Amino acid sequence: MSFPPSLGYRTALVTGASSGIGASTVEALTAAGLTVHAVARRGDRLQELAARTGCVPHVLDITDRKACAAALDGLEIDILVNNAGGSHQSPIQDYPPDEIDRILDLNLRAVMHLNRLLLPGMLARDRGHIVVIGSMAGHYPMRGSALYSAAKAAVSHAFDVMRLDTLGSRVRWTEVAPGRVATEAFMNSIGPERAKEFLSKETLQPEDLAASVCHALMAPPHVNVSRIEIYPVKQASGGFLYAD
Ligand SMILES: NC(=O)c1ccc[n+]([C@@H]2O[C@H](COP(=O)([O-])OP(=O)(O)OC[C@H]3O[C@@H](n4cnc5c(N)ncnc54)[C@H](OP(=O)(O)O)[C@@H]3O)[C@@H](O)[C@H]2O)c1
């Protein structure tokens, strides 16, 4: 896959690059010839990715607003892939109080702050593409994920608004909303036992998501791929539940 030269894209920044979808996206974008800035908290993982792909590692907590502003200062970024995210699965009455803020900070606030920091340069150059990895949980009810779903739904809607707010420019906005992908995310959100059961099914792979991101990014300049929903063929949303 390659970028139409008329897009003029040279650089990208991918958050959550230390594993899963983010690492695969860095691999795809470096292979396509971009200079890719890779952001995450685990420096050892980023160093390994940098050795393999030539990406530029940034050890950074994206919920740390000041650290992000300092790290991004002076960088000219054509493509921002807001991929970092995470969930804690439980009904709201059982939610650890600190997790409420963490889930909203990570999946919603940090995305909006990064957009705010990098969009002005894109508008000034009249060239840019901002992607967010959303979730089917942002579009369809999913038990135990009220906070995560709310954050992903908010970001999805915000992207539609920001596309309107930048209308007339050549900045493009894309949400990629997947179903189940085989990554470490499940270990962190539902624990090892349930994660093993979840991932025993036929799932999407991180490379499938990287390909969807590239499909949107590599579309010709007159095309904005606004939203992609992507599921494993054996997963679907919808239906009705009844209590016994
Ligand atoms: N897997 C799925 O089934 C699925 C389905 C729908 C949507 N998604 C979405 O896909 C995206 C990527 O997740 P994944 O499945 O690839 O899971 P993953 O392998 O767990 O990746 C999550 C990434 O986010 C980074 N991250 C977490 N907190 C961070 C912070 N405060 N600052 C910087 N980076 C942070 C992690 O790196 P560090 O820990 O090193 O910081 C890691 O690189 C997420 O937005 C997730 O909500 C996943």
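The values are calculated or read from the model by the stated rules, or taken from the named source; none is laboratory data. None of the values given here were measured: they were computed from a predicted structure. Every residue, glycine as well, gets a Cβ built from its backbone with ideal geometry; the counts of neighbours run over all protein chains shown. Ligands, DNA and RNA are excluded from the accessible area calculation, which covers all protein heavy atoms including side chains. Shrake-Rupley method; radii C 1.70, N 1.55, O 1.52, S 1.80 Å.
Side notes on the structure shown:
- Rg over Rh [alpha-carbon atoms, Kirkwood Rh] for the chain: 0.95
- Approximate spin-label separation Met112-Ala67, in nm, with each point projected 7 Å along Cα-to-Cβ: 2.2 nm
- GNM remark for the chain: springs join alpha carbons under 10 Å apart, and the peak mean-square fluctuation among Gln93, Gln205, Gln47 falls on Gln93.
- Karplus-derived 3J(HN,Hα), 6.51/-1.76/1.60, for each residue of region 24-37, Hz, glycine and proline x: 5, 5, 4, 4, 5, 6, 5, 4, 7, x, 7, 7, 10, 8
- Atom-type composition of the exposed protein surface of region 168-244 places 55 percent of the accessible area on carbon and sulfur (1.4 angstrom probe).
- Within region 105-216: Cβ-based charge dipole about Cα centre, in debye rounded to nearest 20 (Lys, Arg +1; Asp, Glu -1): 260 debye
- Region 172-203 and region 69-148 have Cα centres lying 17 Å from one another.
- Gaussian network model of the chain, springs between alpha carbon atoms under 10 Å - residue of Gly54, Gly22, Gly128 with greatest fluctuation: Gly54
- ³J(HN,Hα) computed for each position of region 136-148 - Karplus, 6.51 cos²θ - 1.76 cosθ + 1.60, integer Hz, glycine/proline x: 4, 5, x, 10, 9, x, 9, 4, x, 10, 4, 5, 4
- Charge context of Val26, other residues only, Cβ under 13 angstrom, K/R +1, D/E -1: -1
- Residue among Leu75, Leu119, Leu209 with the largest mean-square fluctuation in a Gaussian network model of the chain, springs linking Cα atoms under 10 Å: Leu75
- In the chain, helical runs assigned H by DSSP with n ≥ 4 each contribute -39500 (n - 2.57); averaged across all residues and rounded to the nearest 500, the mean residue ellipticity at 222 nm is -13000 deg cm²/dmol.
- C-alpha long axis of helix 43-53 to longest principal axis of the chain, angle in °: 50 degrees
- Database remark: amide H of Leu13 closer than 5 angstrom to the amide H of His37, Ile79, Leu80, Val81 (H placed geometrically; neighbours at sequence offset of 5 or more, or on other chains; Pro and chain starts carry no H).
- Relative to the Cα centre, the charge distribution of the chain, modelled as +1 at Lys and Arg Cβ and -1 at Asp and Glu Cβ, gives a dipole magnitude of about 440 debye.
- Listed values for region 10-23 are Karplus-derived 3J(HN,Hα) couplings in whole Hz (6.51 cos²θ - 1.76 cosθ + 1.60, θ = phi - 60°), namely 10, 10, 9, 10, 10, 8, x, 8, 7, 6, x, 4, x, 5, and x replaces Gly and Pro.
- Within the shell defined by Cβ-Cβ distances under 13 Å, the residues around Ala70 carry a net charge of -1, with Lys and Arg each +1 and Asp and Glu each -1.
- Remark on Arg227: its backbone amide H falls under 5 Å from those of Glu175, a criterion applied only to residues 5 or more positions apart or on other chains, H modelled at 1.01 Å from N.
- Charge context of Leu49, other residues only, Cβ under 12 angstrom, K/R +1, D/E -1: 0
- Sorting Glu99, Glu76, Glu202 on solvent-accessible area from highest to lowest, probe radius 1.4 Å, gives Glu202, Glu76, Glu99.
- The gain in end-to-end length when the Asp94 to Leu167 segment is fully stretched comes to 22.1 nm, 0.36 nm per residue minus the alpha carbon separation.
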